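The values are calculated or read from the model by the stated rules, or taken from the named source; none is laboratory data. Bear in mind the structure is a predicted one, so any value in this text is a computation, not a measurement. Reconstructed Cβ throughout: ideal geometry from the backbone, glycine too, with neighbour counts over all protein chains shown. Ligands, DNA and RNA are excluded from the accessible area calculation, which covers all protein heavy atoms including side chains. Shrake-Rupley method; radii C 1.70, N 1.55, O 1.52, S 1.80 Å.
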Amino acid sequence: MKRSDFLKNSGLIVGSSLFAPSVTNASSTVVKNGAGATFKLDYAPHQGMFASSAGKSFLDEIKYMHDLGFRSIEDNGMVGRTPDEQAKIGALLAKLNMRMGVFVVPKGGNGANTLAAGKQEHVDIFLKGCRESIEVAKRVNAKWITVVPGDYERRLPLGVQTANVIEGLKRGAELLEPHGITMVLEPLSDTPDLFLRFTDQAYEICKAVNSPSCKILYDAYHQQKNEGNLINLMDQCWSEIAYIQVGDNPGRREPTTGEINYKNVFKWLYNKGYKGVVGMEHGMSKGGKEGEDALVKAYREVDNF
């Protein structure tokens, strides 16, 4: 599933329904059922995962997520929200002592403006996206932003492309470092045209950029498709991994629906001392309230190690 399709289908891109009235008193239901225990790892849902229970308001959904035991959220499309919406989300997260996970840097390296090409206009677009992201991050207290360097520039040797990406990312890191924001590079599996696809490749680039503001976003769904050997490769590249995302394969749905042994993966992360966010960047195997209950049950199961 391509990232653009995933965003549309999962509810990460939203419109005027962001602050619509809720349809239930979600909080009282959850507390009554005693389902609000926190998890061993910090799993982060996104908007739409609990819309059947909490309604169409993202603020109500965040409260419902908190009542379920989640302590972080993700919102790839945060930059597309109005400043007022961003500020309200940030204030609610602060009130609930929840963390903001990643959002995507706008136009920060894609097929139309790949950093691998080494063109100044592409770098300028990327840097503009970084500056915009800094302002958004301030409103929601975000510490991580997702960057995808874009497609291959196949007219250039691979080494030259890699150097171009490194130089562009260095420029971005210079902007982000003073604000304590980390861009996390995400190797993807959506198409072989993508420049960044493998964990060791991202590791090499981050080592060369040599900045606390340039690290790896390790998405186990994509890396199961690209390379497998998840725990071993995470261990080898651990010093440069700052953020984790998950989704089972095949299907990109919640853990326990595919072939990845997420209980073992999460146990390894916990024993490794990982205190960061585990982004739930996936769809759901069932719709409605039944699907929401199955989602929480799956995370309770794989978190029970």
Selection from segment 137-150 of residues part of a helix (DSSP H, G or I) and either touching a residue at least 60 places away in the same chain (Cβ under 8 Å) or surrounded by fewer than 23 Cβ atoms within 10 Å (Cβ to Cβ) (or both) yields K138, R139, V140
Those helices (runs of 4 or more DSSP H) completely within segment 1-95 that have 1 or more residues that are modelled with pLDDT of 50 or more are 3-10, 51-54, 58-68
When E204 is run through (1) among the acidic types (D, E); (2) open to solvent by 60 Å² or more (accessible area, probe 1.4 Å); (3) closer than 19 Å to T162 by Cβ; (4) touching a strand residue (DSSP E or B) at 6+ places or on another chain (Cβ under 9 Å), the failure sits at (4)
Scanning segment 40-68 residue by residue, the ones that are surrounded by fewer than 24 Cβ atoms within 10 Å (Cβ to Cβ), under 19 Å from the mean Cα position of the chain (by Cα) and of a type in the set (G, A, S) total 1
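Kindly evaluate L115 against the criterion of being aliphatic (A, V, I, L, M) and either surrounded by fewer than 24 Cβ atoms within 10 Å (Cβ to Cβ) or farther than 30 Å from G159 by Cβ (or both).
Values: aliphatic (A, V, I, L, M): yes; either surrounded by fewer than 24 Cβ atoms within 10 Å (Cβ to Cβ) or farther than 30 Å from G159 by Cβ (or both): no.
Against the criterion (aliphatic (A, V, I, L, M) and either surrounded by fewer than 24 Cβ atoms within 10 Å (Cβ to Cβ) or farther than 30 Å from G159 by Cβ (or both)), L115 does not qualify.
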Conditions (1) closer than 22 Å to M49 by Cα; (2) in contact (Cβ under 8 Å) with a residue 60 or more places away in the chain -> T257 fails only (2)
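Can you tell me how many residues within segment 207-227 are small (G, A, S) and either in contact with a Lys or Arg (Cβ under 8 Å, 6 or more places away or on another chain) or open to solvent by 10 Å² or more (accessible area, probe 1.4 Å) (or both)? Break it down into steps so the answer makes sense when it comes.
Restricting attention to segment 207-227, the residues satisfying the condition of being small (G, A, S) are 208, 211, 213, 220.
In the following step, the residues that additionally are either in contact with a Lys or Arg (Cβ under 8 Å, 6 or more places away or on another chain) or open to solvent by 10 Å² or more (accessible area, probe 1.4 Å) (or both) were identified as 208, 211.
Matching residues across segment 207-227 total 2.
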When segment 268-277 is checked residue by residue, the ones that are open to solvent by 30 Å² or more (accessible area, probe 1.4 Å) and either part of a strand (DSSP E or B) or hydrophobic (A, V, I, L, M, F, W, C) (or both) are W268
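Here are some residues: G129, G118. Which one is without any contact (Cβ under 8 Å) to a residue 60 or more places away in the chain and closer than 17 Å to I205 by Cβ? Explain how you work it out, then say what you get.
Working: G129 fails: closer than 17 Å to I205 by Cβ.
Only one candidate qualifies: G118.
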Out of (1) more than 27 Å from K56 (Cβ to Cβ); (2) among the acidic types (D, E); (3) open to solvent by less than 60 Å² (accessible area, probe 1.4 Å); (4) without any contact (Cβ under 8 Å) to a residue 40 or more places away in the chain, the one D235 does not meet is (3)
Is at least one residue of segment 244-254 among the polar types (S, T, N, Q), over 16 Å from the mean Cα position of the chain (by Cα) and open to solvent by 50 Å² or more (accessible area, probe 1.4 Å)?
no
Here the qualifying pairs (Cβ atoms under 7 Å; residues six or more apart or on different chains; first in segment 80-92 and more than 14 Å from K138 (Cβ to Cβ); second open to solvent by 70 Å² or more (accessible area, probe 1.4 Å)) come out as G80/I13
